1. Any idea how many residues of the stretch 146-160 are of a type outside the set (A, V, I, L, M) and assigned to a loop (DSSP other than H, G, I, E, B)?
2. Kindly indicate whether residue 133 is surrounded by 18 or more Cβ atoms within 10 Å (Cβ to Cβ) and farther than 23 Å from residue 88 by Cβ.
3. Quick one: would you say residue 78 is more than 25 Å from residue 237 (Cβ to Cβ) and either more than 9 Å from ligand 1 (Cβ to nearest atom) or among the basic types (Lys, Arg) (or both)?
4. Select from the stretch 37-66 the residues that are over 15 Å from the mean Cα position of the chain (by Cα) and within 16 Å of ligand 1 (Cβ to nearest atom) and list them in ascending order.
5. List pairs: first residue in the stretch 171-193 and hydroxyl-bearing (Ser, Thr, Tyr), second residue away from ligand 1 (no atom under 16 Å from the Cβ) anywhere in the structure, Cβ distance under 8 angstrom, at least six positions apart or on different chains.
6. When you scan the stretch 14-85 for strands (runs of 3 or more DSSP E) that lie fully inside it, which ones turn up with 2 or more residues that are of a type in the set (Asp, Glu), in the same structural domain as residue 178 (by TED's automatic domain parsing) and surrounded by fewer than 22 Cβ atoms within 10 Å (Cβ to Cβ)?
7. Taking the condition of being under 20 Å from residue 214 (Cβ atoms) and more than 16 Å from ligand 2 (Cβ to nearest atom), how many residues in the stretch 152-190 meet it?
8. Identify, from the list 165, 183, the residue that is more than 21 Å from residue 15 (Cβ to Cβ) and in the same structural domain as residue 141 (by TED's automatic domain parsing).
Amino acid sequence: MPAVDLEAPEQRTSDAVLEIIDVSVRFGGINAVSDVNLTVMPGEITGLIGPNGAGKTTTFNVITGLQEPTNGRVFIGGREVSHLPPYRRARLGIARTFQRLEVFGSLTVFENILAAAEFHKSWSEDQTPPRRVAAEIIDRVGLQRVGNARVDALPTGIARLVELGRALATRPRLLLLDEVGSGLNQDETDALGDLMLDLVRDGTAILLVEHDVELVMRVCTRIYVLDFGRIIAQGTPAEIQKDPAVQAAYLGSDEV
Ligand SMILES: Nc1ncnc2c1ncn2[C@@H]1O[C@H](COP(=O)(O)OP(=O)(O)O)[C@@H](O)[C@H]1O
Ligand SMILES: [Mg+2]
């Protein structure tokens, strides 16, 4: 990739939903993210994997605007958003789930998703009645049986699906999922994989951070591997599985 021209116009001609260019984040003496370049294409699930502390969540925070990078630029749909606050980026169609849950524990599953749908309607052109949006998403994510349960009474794995439902209520074109599958059993994980494939067929692009390598290999078109803040490999699932650097850094580790 050519060096970034800092005077370049704020528009890129590319079909990518997301491009991050030369992103670095330093926390004091730690290079949490170093010179990361990453592209997410529409109609695809792109994986971002790597050991704990590799910089995955920090990268998500840079994309959504919660973390200002030390260096680098972020483009959504060809438009530079590096200087936009998180809510402006959300309005361009980014939604995320958090590794640490950010749901309203004292509200029910339905109410959590409804709140997100109402908020979306408050600024969006899409004026679909929020109750209809929430009901449709509960069906889609498979939360029918717990729709009226308080979220703080649910297992963490299911609460993560509620967060996914909240993200979907904003009708994102780019969905960032941070370990959304952790805490799910095998059947639930399989269903989550099917749901993600369904979502990308309907036009939502996904950037997936996930420790379940089997799930990542099944659903991703392209995978980036982070280690100590650097991309050490990228490619198709088959290429990543064969990559010796990946095996050394990650696939051979206890975490998998
Ligand atoms: N707010 C912060 N302040 C200081 N260090 C941080 C902060 N957030 C993350 N880090 C450090 O940055 C590195 C990357 O963390 P993180 O992005 O959470 O990794 P991952 O999500 O891949 O596990 C780790 O060394 C972590 O301790
Ligand atoms: Mg993380």
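The values are calculated or read from the model by the stated rules, or taken from the named source; none is laboratory data. Computed from a predicted structure; not experimentally measured. Backbone-built Cβ (ideal geometry, glycine too); neighbour counts: all protein chains shown.
1. Number satisfying all stated conditions: 3.
2. no
3. Judged against the criteria, residue 78 is a match.
4. Selection gives 51, 52, 53, 54.
5. What qualifies is 182/156; 182/157; 189/215.
6. So the answer is 18-27.
7. Count: 10.
8. 165
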